[in-house]
1. Using a Förster radius of 35 Å, what is the FRET efficiency between B:ILE90 and A:LYS66 based on their Cβ-Cβ separation? Nearest 0.05, please.
2. Taking 0.36 nm per residue of sequence separation and subtracting the Cα-Cα distance, how much length would be gained by fully extending the chain between B:LYS23 and B:ILE157, in nm to one decimal?
3. Exposed loop sites here are trypsin sites (Lys or Arg not before Pro) in DSSP loop states with at most 13 other C-beta atoms within 10 Å. What is the longest stretch of chain A lacking them?
4. When the Karplus curve 6.51 cos²θ - 1.76 cosθ + 1.60 is applied with θ = phi - 60°, which whole-Hz ³J(HN,Hα) does each residue of segment B:104-120 get, with x for Gly and Pro?
5. What is the distance, in nm, between label points placed 7 Å from the Cα along the Cα-to-Cβ direction at A:GLU51 and at A:ARG83?
6. Can you find, among A:ALA45, A:ILE35, A:GLN24, the residue sitting farthest towards the positive end of the charge dipole of chain A, where Lys and Arg contribute +1 and Asp and Glu -1 at Cβ?
7. Mind checking the dipole of the protein assembly as shown: about its Cα centre, +1 per Lys or Arg Cβ, -1 per Asp or Glu Cβ, Debye to the nearest 20?
8. Taking the Cα centre of each part, how many Å lie between segment B:107-122 and segment B:33-84?
Amino acid sequence: MPDEVIHQSLRLRIMATLNALPRQEKMEFTRLRAILDATDGNLGAHLTTLESAGYVNVEKEFVARKPHTRVAITAKGRSAFARHIAYLRELLDNPPTANAVE
Amino acid sequence: MSITEENAAEAIRLVEEAAQRSKALRGYQSAAPHLILWGGIYAVAYSGAYFQPDWTGFVWLVLVPSGVIGDVLISWRDRSCINWALFAGIVLTFFAFVAATMSIMHPRDPRQVAAFVPLVVAAAYTVLGMNLGRRFVFIGVALGVLTLVGFFALSSIFMLWMAAVGGGALVLGGLWLRRV
């Protein structure tokens, strides 16, 4: 089954970007925002959705009195992402007879 | 939730693009401090070769191992997933290749050696960049072209040229790699 949380376009790109990092590695929010060419608000909202699902971990701390946010994909997020990609590939490799899949 | 084949193909394309971009930028970020370090080493060593030619060998003898140690420390701090055996293999192969080539070619002019090493480095960046990201290719080509320009067109100040332009290119390249 497709993962509704992941499939939205920006969330899919967030997950792909974070999934490409080595395990345990975090990415700064500002860097992620620049890579995805997203706005603060939009990225923040989608990260909250992914965090609520347990797919990413968002850490906020103050460095030299400045807020510093870092994001990492969780083990649960990696598994869910892998399952979703496998579903998409399966759909492409063995397309159903009808055009759409429920 | 309904996903068509077109949706799936578009999603896979987005995922592949994002993953490739993420990996390339991660590589750039990891490589940046190494380039800045070696840019500084080039600047100091080639300046030494220009102003104190008698000390050239000694300067390189001190700076090259320092640079390798610096690379190890930077990678350690970066917590990169490093294959240390591979790292040692690359360093040893590089020095063995340069030493073997020098022993065959017997360069008579120190400028030949001073141009050869950056050309090998430039070729390595260019080749690696074909797989790791375009910015490495650009830096490799720039370093190679600048080295050749200095060698053939500015031979009287070649060492100074390499200190300023060769070292500068690596430092600027490193700063560029740090940018998203």
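1. For B:ILE90 and A:LYS66, the calculated efficiency is 0.40.
2. Using 0.36 nm per residue and subtracting the Cα-Cα distance, I get 44.3 nm.
3. Counting only loop sites that pass the neighbour cut-off, the longest clear stretch is A:24-64.
4. 7, 7, 6, x, 9, 10, x, 5, 5, 5, 5, 8, 5, 4, x, 5, 5
5. Placing both labels 7 Å beyond Cα along the Cβ direction yields 2.3 nm.
6. So the residue we want is A:GLN24.
7. Dipole about the Cα centre, nearest 20: 700 debye.
8. Taking the Cα centre of each part, segment B:107-122 and segment B:33-84 sit 16 Å apart.
The values are calculated or read from the model by the stated rules, or taken from the named source; none is laboratory data. Please read all numbers here as calculations on a predicted model, not as lab measurements. Backbone-built Cβ (ideal geometry, glycine too); neighbour counts: all protein chains shown. Note: accessible area is taken over every heavy atom of the protein model, side chains too, but ligands, DNA and RNA are not part of it. Shrake-Rupley method; radii C 1.70, N 1.55, O 1.52, S 1.80 Å.
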